[in-house]
Amino acid sequence: MSKTCIITGASRGIGRAIAIELSKREDISNLILISRTESGLEETSKLMNHGKTIDFYAMDLTNYEEVKRLIHAVGEQYGTIDMLINVAGYANPKSLLETSIEDWEKTYQINVHSLFNITKEAVKFMKKTGGKILNVASTAGSSARPGWLAYASSKAALISISSTLSEELSDYGILVYCISPGRCATELRKILAPDEDPTTIMQPEHVGEVVGHLLSDDGVCLDGQNIVVRKQVKKAAIKQVSKQTT
Ligand SMILES: NC(=O)c1ccc[n+]([C@@H]2O[C@H](COP(=O)([O-])OP(=O)(O)OC[C@H]3O[C@@H](n4cnc5c(N)ncnc54)[C@H](OP(=O)(O)O)[C@@H]3O)[C@@H](O)[C@H]2O)c1
């Protein structure tokens, strides 16, 4: 079957790794990549399996009307949307007193509101045939992260959204997955932990492999749960970053 899959945040990091991994799948023919940076999306598409149709769209996911138009156009073009992978995210780690209302809103706009918007639009098509949604939350969403208030709480919202939608959308044959990666070597991680050696932590490809597995036929009993994806860190590396959290 020729499935259509949308991946947000595909210009780099975890989203790029997931896009590359899913492009190896025989049952997926059409991949739609979204983020703001066209050059990053183009680079990702070059790294993907060339037997696929790859469309990429440079757009800000917080432009809700533009996203609605795009998802409608994709659904009309391919007949349905089989998979939606919500990866795009933003972090500006600050404590309560350092966080401005503008940055609080920006964090929620990107991490929560834009996910709500694109998911709602995709489900309008997906409900006809069933499908799979995967949301990328964070280990920061399920335990205290002093100094990361907006980011951590926005990721907690994704864990909640995922478990609720898993039940709400099951009548349509839609499975909803939620993964919570721990520390992973990307640009976003550099913002959260600037002094960390990226070679000591999980790489985006590791997360891509887990997502590939979850979205395969083997992943049927893993929906509706918050799945932590974390690499055990060697003790020497833990000492080096002892003041940082995952
Ligand atoms: N790295 C970690 O340790 C870690 C751990 C747990 C969870 N996560 C989560 O994993 C996801 C991917 O992050 P990453 O670590 O791979 O970071 P990253 O390399 O910084 O990637 C973030 C992605 O989000 C996209 N994005 C951000 N704002 C956007 C917007 N307004 N509109 C469209 N796209 C937007 C970026 O693309 P453009 O800049 O091109 O728009 C980029 O593709 C995030 O949700 C993050 O919270 C990461």
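Miscellaneous remarks
- A simple count of charges around LEU70, restricted to other residues whose Cβ falls under 15 Å of its Cβ and scoring Lys, Arg +1 and Asp, Glu -1, yields -2.
- The modelled label-to-label distance between LYS106 and GLU187, using points 7 Å beyond Cα along the C-beta direction, is 1.4 nm.
- Listed residues ILE191, ILE14, ILE71, most fluctuating in the chain (Gaussian network, C-alpha, under 10 Å): ILE191
- Over segment 93-164: Rg over Rh, Cα atoms, Kirkwood Rh: 1.06
- Residue (of LEU22, ASN117, VAL211) at the positive-pole extreme of segment 3-240, dipole from beta-carbon charges: VAL211
- Sequentially through segment 99-109, phi angles give Karplus couplings (6.51, -1.76, 1.60; θ = phi - 60°) of 8, 7, 5, 5, 6, 4, 5, 4, 4, 6, 4 Hz, Gly and Pro residues having no value and appearing as x.
- The HN-Hα couplings worked out from phi for segment 186-203 by the Karplus form 6.51 cos²θ - 1.76 cosθ + 1.60 (θ = phi - 60°) are 9, 5, 5, 5, 5, 5, 6, 9, x, 8, 6, 7, x, 6, 8, 10, 4, 9 Hz, whole numbers, x standing for Gly and Pro.
- Cut-off under 5 Å, modelled amide H: who pairs with ALA185 long-range: MET202, GLN203
- Other residues within the sphere of radius under 14 Å centred on the Cβ of ARG25, judged by their own Cβ, net out at -3 (K and R +1, D and E -1).
- Per-residue HN-Hα couplings for segment 12-28 [Karplus 6.51, -1.76, 1.60; θ = phi - 60°; Hz; x = Gly/Pro]: 5, x, 5, x, 4, 4, 5, 4, 5, 4, 5, 6, 7, 7, 5, 7, 9
- Largest-first principal axis extents, alpha carbons of the chain, Å: 51, 37, 35
- Amide H partners (placed H, <5 Å) of ILE174, local residues excluded: GLY131
- Charge sum, other residues only, whose C-beta stays under 14 Å from GLU121's C-beta, Lys/Arg counted +1 and Asp/Glu -1: +3
Where a number appears in this text, it was derived from the coordinates with a stated rule and is not lab data. Since the model is a prediction, treat every value here as computed from it, not as a measurement. Glycine gets a Cβ as well: all are built from the backbone with ideal geometry, and neighbour counts include every protein chain shown.
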